[in-house]
Amino acid sequence: MADTPTAETRDATLLARWERAAHRYEELNRQLMDESVHAQPSRLHKLNKERTEIEELAQLFYEYRDLVKQRAESEQMLKDPNVEVELQRLAAEEARALQDRQQQVEARALELLVPKDPNDEKNTFVEIRAGTGGDEAALFAGDLFRMYTKYAERKRLRVEVVEAQETGIGGYKDVVMLVEGKGAYGQFKHESGVHRVQRVPVTEASGRIHTSTVTVAVMPEVEEVDVQVDPKDLRIDTFCSSGAGGQSVNTTYSAVRITHVPTGVVVTCQDERSQLKNRAKAMRTLRARIVEAERAKQEAEIAQSRRAQVGTGERSEKIRTYNFPQNRVTDHRIGLTLHKLDQVLAGDLEEIVEGLRAVHAHAAPPETS
């Protein structure tokens, strides 16, 4: 079993990728100055596109390199006993400013270095379902629904309720919301899992704290499938049309059977006397059936993804705990605890979301190129 990479190892890996990007930027600049490249429009376009994509990352690396050098000079001045006190004070201020800027540069570079999730920009479905805890779990499902709605509004995203089973006391057995807008899935994807709540239910007379759970599943919206049928994937058979009882209604080979080999979808059409018309009609039907087959496959994958995200909904599987008596929320995946539960439930999720993104970014696998 491989050892888990340390923070130092991950940082070194990211720094190496950052430096490679800067070297690649320099290489692209050299290639773009080559006269022979200008005589090849397609190659020129490709190189320009790649250069634009990594330009900010390269400029940040050059700034980072200068900042490291300047900080080293300032720190050396601080260690020199022959330097006047006033100059040392100025050097200390400069070192702090350089450190702050270096951290900003590193944070931005990290954002650019993390491999992009192709689903991040898509709309997303957020499914919230009451787990262990009966009515109290349903009430908290309502709290999470309102929290996510407010967070989406803060991010200028649109929310539409797709499906909901209300309990009648302000709670939900389950509620499915569609969040639409640029980056919707990226904002919500880390919310998948079991959310645990600890509080005194409104129906509890003795004042005892109860623990309940709610499961959340987050899935990118499935786009319409654009079917491009490769003729090489088709097996086309022609035969004579026949009527009831096997009576021949057309002695020419006008009937068409088309098999889409990759999916196994088979369509037969013999309605028309013309083979050409039967073939055109069969192709339209074939495309529709391939779309349905692909949708069924995607829906099965989504259902499997949801089961993997939420587990069984048991209390021990929690990813986050909301403790009302202590006004505390703790995300167990990153060890982050905030004593502002009231603000979080009002939609202030930025600190948690950014914390999860940062950890995910550091855990991202290095590039293989």
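Some points to look at:
- FRET E, pair Ala164, Glu221, Förster distance 22 Å, beta-carbon r, rounded to 0.05: 0.75
- Taking the fewest neighbouring Cβ atoms within 10 Å as the starting point, the ordered list for Ser274, Ser254 is Ser274, Ser254.
- At R0 = 45 Å, FRET efficiency that the Cβ-Cβ distance of Glu121 and Cys240 yields, to 0.05: 0.30
- Computed lengthening from Val266 to Arg208, 0.36 nm per intervening residue step minus Cα-Cα distance: 14.6 nm
- Neighbour-limited loop hits for GluC sites (Glu not before Pro), the range 10-90 (at most 10 other Cβ within 10 Å; DSSP other than H, G, I, E, B): Glu84
- This ranking places Arg154, Arg208, Arg257 by how few other beta-carbon atoms lie within 10 Å of each, fewest first, which gives Arg208, Arg154, Arg257.
- Among Ser36, Ser212, Ser192, the order by Cβ neighbours within 10 angstrom, fewest to most, reads Ser36, Ser192, Ser212.
- Classified by the C-alpha gyration tensor, the range 132-236 has a prolate form. Its axis ratio a/c, with a ≥ b ≥ c, is 1.5 or above, and a/b is larger than b/c.
- Normalised by 2.2 N^0.38 Å, where N is the number of residues, the C-alpha radius of gyration of the range 70-157 stands at 2.08.
- All-pairs Cα distance distribution in the range 7-113, expressed in whole percent, bin size 5 Å: 2, 11, 17, 15, 13, 11, 10, 8, 5, 3, 2, 1, 0
Quick note: the coordinates plus some simple rules give every number you see, no bench work behind them. Small disclaimer: the values here were computed from a predicted structure and weren't measured. Every residue, glycine as well, gets a Cβ built from its backbone with ideal geometry; the counts of neighbours run over all protein chains shown.
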